[in-house]
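Read through the structure below, which is laid out as structure tokens, and then see the notes.
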Amino acid sequence: MADATSQVKILVPGNQPMVALLGQHDDFLKLIEQAFDSEILVRGNEITISGPGEEVERVATLFEELITLLEQGHELTEASVGQTIELIKGEEARPSEVLGDVLLSTRRGKGIAPKTLGQKRYVDAMRRATVTFAIGPAGTGKTYLAVAMAVSHLRARRVKRIVLTRPAVEAGEKLGFLPGDIQAKVDPYLRPLYDALFDMIDAERFEQYLQSGIIEVAPLAFMRGRAQPVDTPVLTPEGFRPMGRLKPGDWVVGAYGVPVMVVAVQPNRVVTVGHWASRRRSTSSVRYWGSRSLAW
């Protein structure tokens, strides 16, 4: 038995030009008509949707979300309309909450925001957690969104510095001997981070940040032994504690999640010499849990 035909009318606010909603030559409207089994009639700023009940509701929700994105200042493109259609069909999240979550703007004024539900969850995880690990294929926005989050926190003064670090390991190829100082040697490995930063910060300011230490580039292998502020949280069996409050005899979570004893504390400060080591395997991914060991 076929679904009963229903009809819904949507009145677009007068302050929103129809060309921004429907696209040049109705390109966005054509995308929507191809994606849903419904009839869409536009007269002036009124949109009439007719067809099976469920499809009509989806299309109506789609237009409402597109209007919300426009009101948020989002410029619609064929890509963003296509992403909105996929999110509406998936029925997992509101497109305006995903695509409208702008982290910051690029040097050209383009907003940086999640494009998929997975990217939205990734951004939310970075907001909630101290350390976030993302596992996925190349080109899915892991590095770019992480850099955007770091720059947005720096601009909002939630952090004082950005440390860019990556393992200096070849991805299956041999780079051979790399001439120059340590900065020149690690540049090939950190190029994706540089490309993302140059999208968000102009070259002159980036150089100023490098010179002043606001942005620091360091391979992961060289992060060992870096001094940390005494208020740095350290994971213990009872939860996180400030590093400066640890005393000899206290326990911290060490490699592989095994508690280790603090054997000594320097009178003036505590120095970390550990590394991220604890690991738990599953059928789909490897999750890395943070741990630090203490030395004197």
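Only residues that are farther than 19 Å from LYS30 by Cα and not basic (Lys, Arg) were counted in segment 70-94, giving 8.
Report, by residue number, each residue of segment 211-229 that is surrounded by fewer than 15 Cβ atoms within 10 Å (Cβ to Cβ) and at pLDDT 75 or above. Hits for segment 211-229 are GLN211, SER212, GLY213, GLU216.
Residue-by-condition table, conditions (1) more than 14 Å from LYS89 (Cα to Cα); (2) of a type outside the set (Ser, Thr, Tyr); (3) at pLDDT 90 or above; (4) surrounded by 19 or more Cβ atoms within 10 Å (Cβ to Cβ):
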residue	(1), (2), (3), (4)
ASP27	yes, yes, yes, no
ILE32	no, yes, yes, yes
GLY44	yes, yes, no, no
ILE47	yes, yes, yes, yes
GLY51	yes, yes, no, yes
GLU54	no, yes, no, no
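Residues that are at pLDDT 85 or above, open to solvent by less than 20 Å² (accessible area, probe 1.4 Å) and part of a loop (DSSP other than H, G, I, E, B): does segment 103-123 have at least one? Yes, the conditions are met somewhere in segment 103-123. Of all residues in segment 56-87, those satisfying the criterion of being open to solvent by 30 Å² or more (accessible area, probe 1.4 Å) and under 17 Å from ALA113 (Cα atoms) are THR68, GLU71, GLN72, GLY73, HIS74, GLU75, THR77, GLU78, ALA79, GLN83, GLU86.
From ILE162, ILE135, ILE182, which residue is modelled with pLDDT under 70 and on the phi < 0 side of the Ramachandran plot?
On the way: ILE162 fails: modelled with pLDDT under 70; ILE135 fails: modelled with pLDDT under 70.
Only one candidate passes the filter, namely ILE182.
I'd like the residue in segment 10-21 that is of a type in the set (A, V, I, L, M, F, W, C) and surrounded by 11 or more Cβ atoms within 10 Å (Cβ to Cβ) and, out of all such residues, is farthest from LEU76 (Cα to Cα).
Within segment 10-21, the subset of a type in the set (A, V, I, L, M, F, W, C) is 10-12, 18-21.
Filter once more, so that each one left must be surrounded by 11 or more Cβ atoms within 10 Å (Cβ to Cβ): 10, 12, 18-21.
Numbers: ILE10: 18, VAL12: 15, MET18: 12, VAL19: 10, ALA20: 7, LEU21: 7 Å.
Here the answer is ILE10.
For GLN7, the requirement of being under 26 Å from TYR144 (Cα atoms), at pLDDT 85 or above and either within 21 Å of the chain's Cα centre (by Cα) or open to solvent by 40 Å² or more (accessible area, probe 1.4 Å) (or both) is not met.
The values are calculated or read from the model by the stated rules, or taken from the named source; none is laboratory data. Here the structure is a predicted model, which is why all the values come from computation and not from measurement. Ideal geometry is used to build each Cβ from the backbone, glycine not excepted, and the neighbour counts take in all protein chains shown. Note: areas computed on protein heavy atoms with side chains; ligands, DNA, RNA excluded. Shrake-Rupley method; radii C 1.70, N 1.55, O 1.52, S 1.80 Å.
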